[in-house]
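**Q** Sharing a structure here in structure tokens format.
The values are calculated or read from the model by the stated rules, or taken from the named source; none is laboratory data. None of the values given here were measured: they were computed from a predicted structure. Neighbour counts are summed over all protein chains in view; Cβ atoms, including those assigned to glycine, are modelled from backbone coordinates with ideal geometry.
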């Protein structure tokens, strides 16, 4: 069953704070309890208990079909009859309270019907088929979406798999998550009779999963109350301190916010702008965050002023009047009307100051914007109305899919990566990490398309967002027209061109994991690494499990992984440039990444685990270390081919356009840049690392001379000299 008590989990002020944020006081649930005890009404008459929900519902939807709600309540009450919550109240009070929460947000009738029935399949003998037969496929789908999976069947995986199931259902109908959020809010309100450890566990899941989902879906009315309830359970001392601050402020004789509000009303009245100015007290968590950020709070810091108007244009008219007649704090201005937040939120934000230092934050929005700001996707009503016959014919003729206004980019990405999450633990931990990224940016592709990514995303994330697992072949990127490393953090509005290699056997670098910010990228890279173990040479360098082995593996990974993010762990000979083992012509050969030998280099080989022969340049430090460790050398020689892949390091002074000039010089010499990286400047000096493919190894000296001739470049050398310091015996 759902969490099961009615005793409040937090001290008294939370409910008053929440109720002040609403234009209408919350319905007294004790009335619902009394009505529920009376049982269902006679056939065709609305039961008293559901009457309170209907009253609120009619305020938003005057033409709602109330007969459906009556039948849903009768079924829910009769199926839950005899079940009690831990507080001793009839269980029916829980679905009633959840339905009332959604009705207050303006949810349409189908959502309320499913809300009344949301626990019947989970906790009673009612089946999904029966729900579908009596109330239709939509209600059946919503009830199924919020029905938990049985622990008997799933064990410890029941909770994460239930959330996975719920999120997948939300991808098809966002109303599933609306019901779940309201369900969790009522359970959090009534968590007080649970054991403290269970309260803490439920509060943590609410904090890590449900609150971020409420934020992303724009349901601020639920999100803020959930935050306060979690705050009280997980941080009782800080909650109490915040409560004292609020009580102390309420006892003051003067109210700066009320004075600001009166001034604004007079200004707007004189300007002929019809507007409503109301005070919005901050909720507990907001006060706590503000006090920690700003220190001592002034009277005007305990709330914001909300200005409600009828039309979008009126928002800007209000802004102009306030900035003209009062002192604006310019740094606080934000326009979320022209550029809405990713969760549908729209408002103008500004702040005005008085001579005494009091500053009031002001939110300006239309009544419709306010409805969406409070209720988010719930305010959209039914996002999936049945099309008219004409619309249906047009869609069928054009073979169009249904456009879903409630499925934002973040939800699509979440649904994509969850399919690749291999187990419940990975899904659960990754979900929490993903939801912790609460801002979204938009980057543009050269073809005119866009990618939605979380704030902090890099070019690695963009590659996997655009190409999926084909991004393993990504060798570089241009950001706003300039060559950039794959580790580059993207900003909102950047244009990203991803450079893809042609080698079908391209591999992601282990270093990419350090720069992968999105679950889709991390899971794809981890899955590839899991199926492609580290080279045997690394595994055989020291006894497994020893500190030496760990150190060697880390050092080898550092020396062989391409810093730009391309496939350098196991460089391969270019076309026709094969290495032959003298005594074992058919042996598998791998060129060492620490020294990247090329044709014409003096080379030697060592046999490692799996029968593979690894080839090093004769002067490579690893040769002496491996020989000293007792490994026997293997005679190897170059084949007839002359192509090669080699890593070069260029040292230069920093100057504008140096990178463009250097890569142009390399291209003119016939070098194909496989990957590149530019380290952050140190004392005006810059280090560039390039892995290049040459059709002729004999042309390597000419390439290096051309690179040295670029103004600002003072040295170019093979990567060996820079890899020695970090490479351990292989």
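**Q** Hey, among the residues in segment 690-713 that are in contact with a helix residue (DSSP H, G or I) (Cβ under 8 Å, 6 or more places away or on another chain) and assigned to a strand (DSSP E or B), which one's nearest to residue 652 (Cα to Cα)?
**A** Only one residue fits best here, namely 713.
**Q** Next up: Look at segment 421-465 and say how many of its residues are over 30 Å from residue 159 (Cα atoms) and either surrounded by 15 or more Cβ atoms within 10 Å (Cβ to Cβ) or under 14 Å from the mean Cα position of the chain (by Cα) (or both).
**A** Final tally of qualifying residues: 10.
**Q** Before we move on, is residue 177 in contact with a helix residue (DSSP H, G or I) (Cβ under 7 Å, 6 or more places away or on another chain) and either surrounded by 17 or more Cβ atoms within 10 Å (Cβ to Cβ) or assigned to a helix (DSSP H, G or I) (or both)?
**A** Judged against the criteria, residue 177 is a match.
**Q** Let me ask something else about it. Restricting the search to segment 114-135, which residues are touching a residue at least 24 places away in the same chain (Cβ under 8 Å) and either over 16 Å from residue 180 (Cβ atoms) or in contact with a strand residue (DSSP E or B) (Cβ under 8 Å, 6 or more places away or on another chain) (or both)?
**A** If the condition is that a residue be touching a residue at least 24 places away in the same chain (Cβ under 8 Å) and either over 16 Å from residue 180 (Cβ atoms) or in contact with a strand residue (DSSP E or B) (Cβ under 8 Å, 6 or more places away or on another chain) (or both), then 124, 125, 126, 134, 135 are the ones that fit.
**Q** Does residue 619 satisfy being outside the structural domain of residue 472 (by TED's automatic domain parsing), in contact with a strand residue (DSSP E or B) (Cβ under 7 Å, 6 or more places away or on another chain) and not in a helix (DSSP H, G or I)?
**A** no
**Q** OK, next. Do we have residue 314 as closer than 21 Å to residue 358 by Cα, crowded, with 17+ Cβ neighbours inside 10 Å and outside the structural domain of residue 190 (by TED's automatic domain parsing) here?
**A** no
**Q** Let me ask something additional. Restricting segment 654-672 to residues that are out of contact with any strand residue (DSSP E or B) (no Cβ under 6 Å at 6 or more places or on another chain) and touching a residue at least 60 places away in the same chain (Cβ under 8 Å), which is farthest from residue 697 (Cα to Cα)?
**A** Per the stated criteria, the residue is 660.
**Q** Please give the number of the condition residue 107 fails out of (1) at pLDDT below 90; (2) part of a loop (DSSP other than H, G, I, E, B).
**A** (1)
**Q** Only residues that are within 19 Å of residue 355 (Cα to Cα) and part of a helix (DSSP H, G or I): list them for segment 238-264, please.
**A** Scanning segment 238-264 gives 256, 257, 258, 259, 260, 261, 262, 263, 264.
**Q** May I ask you to list the residues in segment 586-607 that are in contact with a helix residue (DSSP H, G or I) (Cβ under 7 Å, 6 or more places away or on another chain), at pLDDT 75 or above and over 25 Å from residue 695 (Cβ atoms)?
**A** Selection gives 604, 606.
**Q** Here's another thing I want to ask about it. Starting from segment 234-252, keep only residues that are surrounded by 13 or more Cβ atoms within 10 Å (Cβ to Cβ), then list their pairs with residues that are not in a helix (DSSP H, G or I) whose Cβ atoms are within a distance under 7 Å, requiring at least 6 positions of separation or different chains.
**A** 243/11; 243/13; 245/297; 246/13
**Q** Looking at residue 137, is it out of contact with any helix residue (DSSP H, G or I) (no Cβ under 9 Å at 6 or more places or on another chain) and assigned by TED's automatic domain parsing to the domain that holds residue 166?
**A** So residue 137 passes the test.
**Q** Sticking with this one: Can we say residue 453 is in contact (Cβ under 8 Å) with a residue 24 or more places away in the chain and touching a helix residue (DSSP H, G or I) at 6+ places or on another chain (Cβ under 7 Å)?
**A** yes
**Q** Hey, residue 210 hits all of (1) surrounded by fewer than 24 Cβ atoms within 10 Å (Cβ to Cβ); (2) touching a residue at least 12 places away in the same chain (Cβ under 8 Å) but one; which does it fall short on?
**A** (1)
**Q** Which of the numbered conditions does residue 367 fail, given that it passes all the others? Conditions: (1) surrounded by fewer than 17 Cβ atoms within 10 Å (Cβ to Cβ); (2) on the phi > 0 side of the Ramachandran plot.
**A** With respect to (1) surrounded by fewer than 17 Cβ atoms within 10 Å (Cβ to Cβ); (2) on the phi > 0 side of the Ramachandran plot, residue 367 is out only on (2).
**Q** In segment 278-303, which residues are surrounded by 20 or more Cβ atoms within 10 Å (Cβ to Cβ) and closer than 18 Å to residue 326 by Cα?
**A** Matches in segment 278-303: 300, 301.
**Q** Within segment 322-335, does at least one residue satisfy the condition of being touching a residue at least 60 places away in the same chain (Cβ under 8 Å), touching a strand residue (DSSP E or B) at 6+ places or on another chain (Cβ under 8 Å) and within 14 Å of residue 267 (Cα to Cα)?
**A** yes
**Q** Check segment 303-310 and report whether any residue there is modelled with pLDDT of 90 or more and part of a helix (DSSP H, G or I).
**A** For segment 303-310, residues modelled with pLDDT of 90 or more and part of a helix (DSSP H, G or I): absent.
**Q** Between 545, 452, 456, which is farther than 28 Å from residue 427 by Cβ, outside any helix (DSSP H, G or I) and either at pLDDT below 85 or in contact with a strand residue (DSSP E or B) (Cβ under 9 Å, 6 or more places away or on another chain) (or both)?
**A** 545
**Q** Hey, among the residues in segment 485-539 that are within 15 Å of residue 467 (Cβ to Cβ) and in a strand (DSSP E or B), which one's modelled with the lowest pLDDT?
**A** 500
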